[in-house]
Amino acid sequence: MSLQIGQPAPQFILISSALKTVSLADFKGRKVVIHFFPLAFTGVCTTQLCTMRDSFGYYDGLNATILGISVDSPFTLAKFKEENNYQFDLLSDFNKEVSTAYGAIYDQFVMGLKGVSKRAAFVIDEEQNIIYAEVLEDAGQLPNFEAIAEIVK
């Protein structure tokens, strides 16, 4: 069952690219923009996160936090973050629990890979309810960045 607007966001605690635990609850009182992405160092994923990197100041000015989540290890995410100068945390959902809870997981992906995060975007409000949800079946597509920016405003 997919998550709906107005539902409480599934809570999580994940390990960041800085090897620290990060909880959704840490951001209560702020909006949170969550970007799920299939795999670090791939073309469309890099474009997705670089788009958020390049508009980071816009979200920071709106009391919003950006988080990127994939099933990559925290070590892979640390290198990905460093190489692309992301100002926001990348979180490892290595056990695939959060991607599953958000309905953003492929059972089967390319090259026979299983359990890879779908490209998806969610916006969580200050009370930690979902106010925007977009889960893409086609990993070659990008989220609607304009719609995300509008809902965060």
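The values are calculated or read from the model by the stated rules, or taken from the named source; none is laboratory data. Fair warning: this is a prediction, and the values are worked out from it, not measured in the lab. Cβ atoms come from the backbone with ideal geometry, glycine included; neighbour counts cover every protein chain shown. Side chains are part of the model used for accessible areas, which takes the heavy atoms of the whole protein and leaves out ligands, DNA and RNA. Shrake-Rupley method; radii C 1.70, N 1.55, O 1.52, S 1.80 Å.
Listing for the model above:
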quantity	calculated
Considering residues of segment 110-124 that are among the hydrophobic types (A, V, I, L, M, F, W, C) and either within 20 Å of Ala64 (Cα to Cα) or open to solvent by less than 10 Å² (accessible area, probe 1.4 Å) (or both) only, the residue modelled with the lowest pLDDT	Val116
Segment 86-102, residues that are surrounded by fewer than 16 Cβ atoms within 10 Å (Cβ to Cβ) and either among the small types (Gly, Ala, Ser) or assigned to a helix (DSSP H, G or I) (or both)	Glu97, Thr100, Ala101
All positions within segment 83-115 that are of a type in the set (Gly, Ala, Ser) and either closer than 19 Å to Ala9 by Cβ or touching a helix residue (DSSP H, G or I) at 6+ places or on another chain (Cβ under 6 Å) (or both)	Ser92, Ser99, Ala101, Gly103, Ala104
Those residues of segment 32-49 which are under 13 Å from the mean Cα position of the chain (by Cα) and either among the aliphatic types (A, V, I, L, M) or open to solvent by 10 Å² or more (accessible area, probe 1.4 Å) (or both), in sequence order	Val32, Val33, Ile34, Leu39, Ala40, Thr46, Leu49
Qualifying position, being outside any helix (DSSP H, G or I) and open to solvent by 70 Å² or more (accessible area, probe 1.4 Å), among Glu150, Glu127, Glu83	Glu127
